[in-house]
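Peer 1: This structure is in structure tokens; I'll ask about it shortly.
What follows is calculated from the coordinates using simple rules that are stated; it is not laboratory data. Bear in mind the structure is a predicted one, so any value in this text is a computation, not a measurement. Neighbour counts run over all protein chains shown; Cβ positions are idealised from the backbone, glycine included.
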Amino acid sequence: MITYSSANKDDELVYIGSPESLGATTLSETEIKLYARLDLGGGEAPLTTGLFEVTKGRFRFTYPFREGLK
């Protein structure tokens, strides 16, 4: 079992770039960095989950798809 906690810095998030690398527009003067991690489930841990972390700043992103109900 994986326990997620803001105190646990062993989460090994991977730097994935700036908001622009995902098609977003940065709205703040500061540099924004995006980090992520995906844990694929299987076996004794059937749950798949993802973690996403962003440094402080503002950006606008429009998803090119809809989530949820059809």
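Peer 1: How would you classify the range 9-60 from its alpha-carbon gyration tensor, with a ≥ b ≥ c the square roots of the eigenvalues: rounded for a/c under 1.5, else prolate if a/b is greater than b/c, otherwise oblate?
Peer 2: prolate
Peer 1: Which residues' amide hydrogens lie under 5 Å from the amide hydrogen of residue 59, considering only partners 5 or more residues apart or on another chain, with H built in the peptide plane?
Peer 2: HN-HN under 5 Å from residue 59: 27.
Peer 1: Here is a further query. Under a Cβ-only charge scheme (Lys and Arg +1, Asp and Glu -1), can you give me the dipole magnitude of the range 9-60 about the Cα centre, in debye to the nearest 20?
Peer 2: So the dipole magnitude of the range 9-60 works out to roughly 280 debye.
Peer 1: Label points 7 Å out from Cα along the Cβ direction at residue 48 and residue 26: separation in nm?
Peer 2: 3.1
Peer 1: Can you work out the Karplus-derived ³J(HN,Hα) for every residue in the range 19-29? Use 6.51 cos²θ - 1.76 cosθ + 1.60 with θ = phi - 60°, whole Hz, and x for glycine or proline.
Peer 2: x, 4, 5, 9, x, 8, 10, 6, 9, 10, 7
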